[in-house]
Amino acid sequence: MSEMWTTAMAGAAAGLGVAMPVGAVGVLLIQEGMRDRRGAVAAAAAVAVVDCAYAAVATVLGPLVASALSGVEAWVRLVSATVLAVIAVRGLVASRHPGPVAEGGSDGAGPVRTFTRFAALTLINPTTALYFAALTTAQGAALVTGAAGAVFVGGVFLASFVWQQLLVAASGFAGARISDAARAWTFRLGYGLVAVYAVKVALPLP
């Protein structure tokens, strides 16, 4: 039991390790939380589900994940950067008229579409896959049994899910209490940061 508890804590630490750094997807999640509460909850769940899926695949395949991505990593980064750049441009254009904090979809998209969009954004990030591949390879024999692997992946999902939902709750709390003009500037700064991430992800070019 103590070994399983240790494995669960290792999974939780791994989940927080990949979830806590606020990258491009984190910025978009905060923007969603300030604009659409229900959509943001779905988006946070999507990020956690993809983290969990990558952890599960990496736990089973380990080094094979890293080697599979190594040859095409530059092109995957370029596709990811293009998607982020498009999102940044659209967000900057829309930030001129941010509108009030909504209870439903911020752009007419329901929670299912928002879930799908954020899952895709998280899925095209090769860093997450490489992170878990390296981590599970380092864990080695500790994850050889199916039970240990399942406990580890469960810990990853729970930690990532809780953190993403806390991020959404905090951004929703702030978004409901600042003026539309101030929110417009947070969108401009946030999507500007997404544009910077797009450039950072793309370089060096393949």
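Quick look at the values:
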{"item": "Nonlocal amide H pairs with Asp36, under 5 Å, H built at 1.01 Å", "result": "Ala102"}
{"item": "Phi-based couplings in Hz for the range 42-57 (Karplus 6.51, -1.76, 1.60; Gly and Pro marked x)", "result": "5, 5, 4, 5, 4, 4, 5, 5, 5, 4, 5, 5, 4, 5, 5, 5"}
{"item": "For the range 9-20, 3J(HN,Hα) per residue [Karplus equation, 6.51 cos²θ - 1.76 cosθ + 1.60, θ = phi - 60°, Hz, x = Gly/Pro]", "result": "5, 5, x, 5, 5, 5, x, 5, x, 8, 8, 5"}
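Any read-out appearing in this document is the output of simple, stated calculations on the displayed coordinates, not a laboratory observation. The structure presented is a predicted model; accordingly, all values stated were derived computationally and were not measured.
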